[in-house]
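Rule-based calculations on the coordinates, nothing more; no lab input. Note that the structure is a prediction, hence the values are computed from the model and not measured. Cβ placement follows ideal geometry from the backbone for every residue including glycine, while neighbour counts extend to all protein chains displayed.
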Amino acid sequence: MVGPFGFHPNKTMRSRALQLAKPLVGRGYEVKIFMPPWQTPQEANQEWVEDGVQIRYTALNGGVLGISRALIRDTLTWKPDVVHAFKPKAYSGIVAWWLWTFHRRHVRLIVDSDDWEGWGGWNEIAPYTNIQKRFFARQERWGLAHNHSLTVASRTLQSLAWASGLQTERVFYLPNGPGIDQDTSFADQKRAELGLSQGPVLLLYSRLFEFNTDRLMTILEGVKTVIPDFAILSIGTGLLAKNSATFRDRLRVSGLQDHVVDIGWLEETELPHYLAAADVGLYLMDDTLLNRTKCPVKLADMASIGLPVVAEDVGQVREYVIHEQTGLLRPSGDASAVIADIVRLFQADSERRRLGEGAREHLASNFDWELLATTAEHIYLELT
C-alpha cells in the first residue's frame with residue numbers, strides 16, 4: 001500500500017489503509033505501507049510494525065523528484081505482487097503513474113479514491129498553488145482511468161467512475177469502517193472529568209469545513225431555547241483557521257461559549273471514551289461535490305460505539321444513518337427539523353438507546369473491516 005502522506009495530521013492512511021491492512025495480515029498476507037511523511041519530516045526513514053502490518057516512512061531528500069524516486073524505489077525493492085495506491089494524487093499518484101507506465105505487466109496496480117480531489121473537490125478549499133491544482137486535477141483524471149482495478153469509498157465516486165467510461169467490473173465499492181476501537185469503558189469517567197454530568201450532551205465531531213457555520217449556530221441556538229442546560233462537546237480541530245475563528249465568534253455573540261467543552265484533537269485510543277461521553281451526535285453537510293464523494297469515518301466511529309446521530313442527507317451519509325433505524329436523517333439545510341430531532345432525542349432515553357443499538361448493529365453487519373477486507377482480498381486474488 002502506498003500513500004501520499006504519513007499518518008499525521010491527515011487520517012486517510014491510518015483510518016483507511018491501515019485498518020484495511022490489519023485483517024489482511026490476519027489472513028496470512030504480507031502487507032507493507034510506504035508513505036512519505038512530508039508533514040512530519042522528523043519521522044523520515046523510519047520503519048516499524050503495527051498489528052503485523054509493516055510500515056515504512058521513506059526518505060525526504062531531493063525535493064519532489066527525490067521523494068518520488070525514493071518512494072518508487074522502496075516500493076519496488078519490496079517486490080510486491082499487488083500495489084494499492086491510496087489517492088490518485090501527489091506522491092501516491094506519481095508512484096501509480098510510474099508503475100502503470102513501466103511495470104504493469106509485473107505488478108498489479110489498484111488505485112483507491114476516497115475523496116474528489118480536483119475541481120469541485122479539494123482543489124476548491126485546500127491552500128494549493130494554481131500549478132498544484134492543475135497537476136492534482138490531471139493526476140486524478142489519469143489515475144482513475146489507468147489501473148487494473150479501482151476502489152472507491154462512496155457511491156458517488158462509483159457513479160463518477162462509471163460515468164467516465166470505466167468498465168463496471170473494474171470499479172469496486174469499498175467504503176470506510178470505523179477508525180477507532182469500540183472500548184468505551186471510561187466514558188462515564190471522562191464525562192465526569194469534563195463536568196458534563198448534569199444536562200444532555202451534544203457531540204460536534206467535525207473539522208468545520210463541510211457546512212456553513214451560520215446553520216450550525218442556528219441549530220445550537222434553537223436547541224438552547226428548548227433545553228437551556230445542554231452542553232456541546234466539541235472534538236477535532238477546524239481544517240481552516242477562518243472557520244474556527246468564525247465559530248468561536250458566533251458562540252461568544254450568542255452566549256453559547258459557556259456551553260462548549262472543546263477537547264480539540266485526540267489520539268485514536270482516546271476517541272471512543274470521549275465520543276461515548278455524549279448523548280447525541282450531530283453531523284452537518286452542505287450539498288457539494290466534495291461532500292457527496294466523501295465517506296466520513298467520523299460517522300462510522302460514532303455508529304461503532306452506539307451513539308445516535310442526527311445528520312443531513314448528503315452522499316454517503318445515508319449509507320450509515322438510516323432514518324428512524326440507526327439515527328435521524330434530514331435534508332441538508334433543514335435546520336428546524338434538525339433542532340426538533342436533537343430535542344426529541346435529548347428527551348427520550350429509550351429512543352436514544354434504540355437508535356444507538358441500531359447504529360452499532362448496522363455498522364457491524366455492513367462496515368466492519370473484516371468484511372471490507374474480504375472485498376479487497378477478492379480484488380487482489382482476481383488480479384494475481
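Can you run the Rg to Rh ratio on the range 187-366? Use alpha carbon positions and the Kirkwood inverse-distance Rh.
Details: Rg = 14.9 Å, Rh = 16.1 Å.
Ratio of gyration radius to Kirkwood radius for the range 187-366: 0.92.
Would you mind estimating how fast the range 18-140 diffuses translationally, via Stokes-Einstein at 25 °C and 0.890 mPa s with the Kirkwood radius over Cα pairs, in µm²/s? Don't jump to the answer; show the numbers that get you there.
Values: Rh = 15.4 Å.
It comes out at roughly 159 µm²/s.
How would His84, His148, His106, His273 line up from fewest to most surrounding beta-carbon atoms within 10 angstrom? Present the calculation step by step, with values, prior to reporting the outcome.
Details: His84 26, His148 18, His106 11, His273 21.
Going from sparsest to densest Cβ surroundings: His106, His148, His273, His84.
With label points built 7 Å along Cα→Cβ from the Cα atoms of Tyr128 and Glu267, find their separation and express it in nm.
Those two pseudo-labels are separated by 3.3 nm.
Which ordering of Ser113, Ser234, Ser304, Ser185 is given by a fewest-first count of other beta-carbon atoms within 10 Å? Intermediate results must be reported in sequence, preceding the final value.
Details: Ser113 26, Ser234 19, Ser304 23, Ser185 9.
Fewest-to-most Cβ neighbours within 10 Å comes out as Ser185, Ser234, Ser304, Ser113.
Please pull out the direction-averaged projected area of the range 278-384, using the convex hull of its alpha-carbon atoms, in nm² to one decimal place. Each step should come with its number before you reach the end.
Working: hull surface 28.9 nm².
That works out to 7.2 nm², a quarter of the Cα hull's surface.
May I ask which of Lys224/Lys298; Lys190/Lys298; Lys11/Lys89; Lys133/Lys294 have a Cα-Cα span longer than 23 Å here?
Working: Lys224/Lys298 25 Å; Lys190/Lys298 19 Å; Lys11/Lys89 16 Å; Lys133/Lys294 19 Å.
In this structure, Lys224/Lys298 lie more than 23 Å apart at Cα.
Per DSSP H run of at least 4 residues, take -39500 (n - 2.57); add these up for the chain, divide by its residues and hand me the 222 nm value, nearest 500 deg cm²/dmol. Don't jump to the answer; show the numbers that get you there.
Working: 15 runs with 163 residues, N = 384.
That calculation yields -13000 deg cm²/dmol at 222 nm.
About its Cα centre, what dipole magnitude does the chain give when the only charges are +1 on Lys and Arg Cβ and -1 on Asp and Glu Cβ, stated in debye to the nearest 20?
Values: 40 positive and 46 negative charges, 305 e Å.
Charge dipole, the chain, about its Cα centre: 1460 debye, nearest 20.
Using a Förster distance of 30 angstrom, determine the FRET efficiency expected from the C-beta separation of Thr384 and His8, and round it to 0.05. Don't skip to the answer; put the middle values down first.
Values: r = 32 Å, r/R0 = 1.07.
The calculated FRET efficiency here is 0.40.
Run the simple label-point estimate for Trp48 and Phe102 please: 7 Å along Cα→C-beta, distance reported in nm.
Inter-label distance under the simple model: 3.2 nm.
For the range 339-384, what is the Kirkwood hydrodynamic radius in Å, using each pair of distinct C-alpha atoms?
13.1 Å
When the chain is modelled as a GNM with alpha-carbon springs shorter than 10 Å, which of Leu328, Leu65, Leu289 fluctuates the most?
Among Leu328, Leu65, Leu289, the largest mean-square fluctuation in the Gaussian network model of the chain belongs to Leu65.
First measure r as the distance between the Cβ atoms of Ser365 and Asp313, then evaluate 1/(1 + (r/R0)^6) with R0 = 25 Å and state the FRET efficiency to the nearest 0.05. Before the final figure, lay out the partial values.
Numbers: r = 21 Å, r/R0 = 0.84.
The pair Ser365/Asp313 has a calculated efficiency of 0.75.
Across the Cα atoms of the range 130-252, what radius of gyration and what greatest pairwise Cα-Cα distance (Dmax) are found, in Å?
According to the Cα coordinates of the range 130-252, Rg and Dmax are 20.9, 56 Å.
Compute and list, largest first, the equivalent-ellipsoid semi-axes of the range 99-173 from the alpha carbon gyration tensor, each √(5λ) rounded to a whole angstrom.
Details: eigenvalues 99, 54, 17 Å².
They are 22, 16, 9 Å, listed from largest to smallest.
Considering Cα pairs under 8 angstrom that are at least six residues apart, work out the relative contact order of the chain and quote it in whole percent. Provide the component values of the computation, followed by the final result.
Working: 725 pairs, mean separation 57.8, N = 384.
For the chain, the relative contact order is 15 percent.
Dipole size in debye (nearest 20) for the range 47-165 around its Cα centre, Lys and Arg Cβ +1, Asp and Glu Cβ -1?
Working: 14 positive and 11 negative charges, 116 e Å.
In total the dipole reaches around 560 debye.
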